[in-house]
Ligand SMILES: Cc1ncc(COP(=O)(O)O)c(C=O)c1O
């Protein structure tokens, strides 16, 4: 019987996407913790703080109220209106709530956006280094992710020139931009984003802008792609600024002519987004002061690392403009950042993510450190890294 099932149920070729190696670091850190070691977690990109108190209070009230049924596929009308209002507050933009689609985290937003905008076989440009699931979701859907290597000359983002060079070599159908970016923490200036969007759209290349780290911009204000083009597809989330990773809720701002396509897809893929999470998300908008204080904490952590790490010898990073990541060049110490991260974990008790997840080519020279943790942990991490590098 087992043999028969094995023959019937082979993993599909499309499921053969690479794993997310950060999860291997998480598992190794957990093994050390089980042995009684204290590990400083800088590997996973998530806020240490929980959902805002306003969100928790709204959920408590909802739990003792009426049954929590499905909502409309595009999301609760009141939440869609609240998200649209946030664009007026954050960016002075007038967004029609009809363009707002509530999703199960930005992760589901990518799936919906790629399915709505691209055919199997379409080629979509992504920055390297970049968030691995962009490439892996595209590949699972039969699209072709086209990595564009970025460097310091272009502030580590895709330029219109680089995009068009790829497009001339072989037609591109889309490009994904993210500012602030993961893993680098770098941001695109409003001008750089405007130029890229203009180049892309003039060439018939659809733009998807991942704005999940908006609200966590320290170097300068993050620009919203919707201001620059009504045709850009914007993806955002309650996971990072709103500290709600586990609630699995995000949203999209979709060009009007794509809303129905996204709706049909979500009707079939999910029916609707968890109602409790939608209630929590709407209330989270009322937690301005609480969220600003979390953000202030990240800024302080960032300063501790930017000032402290160079003293340890770890002195080469990409500009840490936003999000909560520092992408450090460790090539002075190792040309295998996976082995380096393992040693750092075992010897210093600091868990960090090797760059190979984010950039299959040069990632072996980089390490990503997430500074969304406690301030004391950041100070201790600097000390531990210093001791580790001294001994190396
Ligand atoms: C750049 C980027 N986009 C999207 C996501 C997915 O977030 P979620 O699905 O929790 O909204 C992450 C998570 O780390 C991320 O770093």
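The values are calculated or read from the model by the stated rules, or taken from the named source; none is laboratory data. Quick caveat: nothing in here was measured; it's all calculated off a predicted structure. Cβ sites come from the backbone with ideal geometry, for glycine too, and all protein chains shown count toward neighbours.
Taking the residues in region 132-149 that are surrounded by fewer than 22 Cβ atoms within 10 Å (Cβ to Cβ) and part of a loop (DSSP other than H, G, I, E, B) as candidates, determine which candidate is nearest to the ligand (Cβ to nearest atom). Residue satisfying both the conditions and the ranking: 141. Yes or no: residue 93 at pLDDT 95 or above and part of a helix (DSSP H, G or I)? For residue 93, the condition - at pLDDT 95 or above and part of a helix (DSSP H, G or I) - is not met.
Among the residues making up region 83-105, those that are away from the ligand (no atom under 16 Å from the Cβ) and either buried (at least 19 other Cβ atoms within 10 Å of the Cβ) or at positive phi (or both) are 84, 87, 92, 95, 99.
Residue 24 meets the conditions (1) in a helix (DSSP H, G or I); (2) surrounded by 16 or more Cβ atoms within 10 Å (Cβ to Cβ); (3) in contact (Cβ under 8 Å) with a residue 24 or more places away in the chain in every case but one. The failed one is (3). Among the residues of region 232-248, the ones that are more than 7 Å from the ligand (Cβ to nearest atom) and touching a strand residue (DSSP E or B) at 6+ places or on another chain (Cβ under 7 Å) come to 6 in all. The combined condition, being under 30 Å from residue 347 (Cβ atoms), in contact with a helix residue (DSSP H, G or I) (Cβ under 7 Å, 6 or more places away or on another chain), at pLDDT 95 or above and buried (at least 16 other Cβ atoms within 10 Å of the Cβ), is fulfilled by residue 29.
The single condition from (1) touching a strand residue (DSSP E or B) at 6+ places or on another chain (Cβ under 7 Å); (2) buried (at least 24 other Cβ atoms within 10 Å of the Cβ) that residue 316 fails is (2). Of the residues 51, 108, 125, 113, the single one that is buried (at least 22 other Cβ atoms within 10 Å of the Cβ), within 16 Å of the ligand (Cβ to nearest atom) and assigned to a strand (DSSP E or B) is 125.
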